[in-house]
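Asker: Before anything else, here's the structure in question.
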Amino acid sequence: MNDAAPEAGPPRPDTEEPEHAGPQTPDDAPAAPAPLDVPRTPTGHPEIDAHMERLADADHLTTDGHLGVYEDVHRGLRDALTALDARPGPPSEHVHRS
């Protein structure tokens with residue numbers, strides 16, 4: 001086993017400093033959130049359409065804020081679908097009448 005320190009050589013590419021290592025300027029700053037302009041076609045169900053329109057709120061947030069909007073919309077759509085199961089419908093044709 002050799003306890004000698006390795007010789008210093010040229011820096012490895014993965015450890016080099018970027019060419020521009022000065023303070024960040026406005027040109028270097030990340031771009032502001034921009035709307036994706038994804039079309040949302042109305043479904044004809046006001047409650048569902050309201051949840052789908054809520055997705056537009058994510059257009060004005062950075063990506064770390066999208067999760068909250070998506071979870072809120074998902075919860076609302078899930079609740080709307082669950083409510084459909086709870087509504088009484090017409091009697092089933094398969095009910096045996098005596």
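Asker: Report whether or not D57 is modelled with pLDDT of 75 or more, in contact with a Ser or Thr (Cβ under 6 Å, 6 or more places away or on another chain) and surrounded by 11 or more Cβ atoms within 10 Å (Cβ to Cβ). Give the derivation first.
Answerer: Working: modelled with pLDDT of 75 or more: yes; in contact with a Ser or Thr (Cβ under 6 Å, 6 or more places away or on another chain): no; surrounded by 11 or more Cβ atoms within 10 Å (Cβ to Cβ): yes.
So D57 does not fit the description; no.
To keep it simple, each residue is scored yes or no on (1) more than 30 Å from V73 (Cβ to Cβ); (2) modelled with pLDDT under 60.
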{"position": "P18", "(1), (2)": "yes, yes"}
{"position": "P23", "(1), (2)": "yes, no"}
{"position": "D27", "(1), (2)": "yes, no"}
{"position": "A31", "(1), (2)": "no, no"}
{"position": "P39", "(1), (2)": "no, no"}
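Asker: Every residue in the range 23-71 that is in a helix (DSSP H, G or I) and among the charged types (D, E, K, R), please.
Answerer: E47, D49, E53, R54, D57, D59, D64, E71
The values are calculated or read from the model by the stated rules, or taken from the named source; none is laboratory data. What you see is a predicted model, and the numbers here were worked out from it, not measured in a lab. Note: ideal-geometry Cβ built from the backbone for every residue, glycine included; neighbour counts use all protein chains shown.
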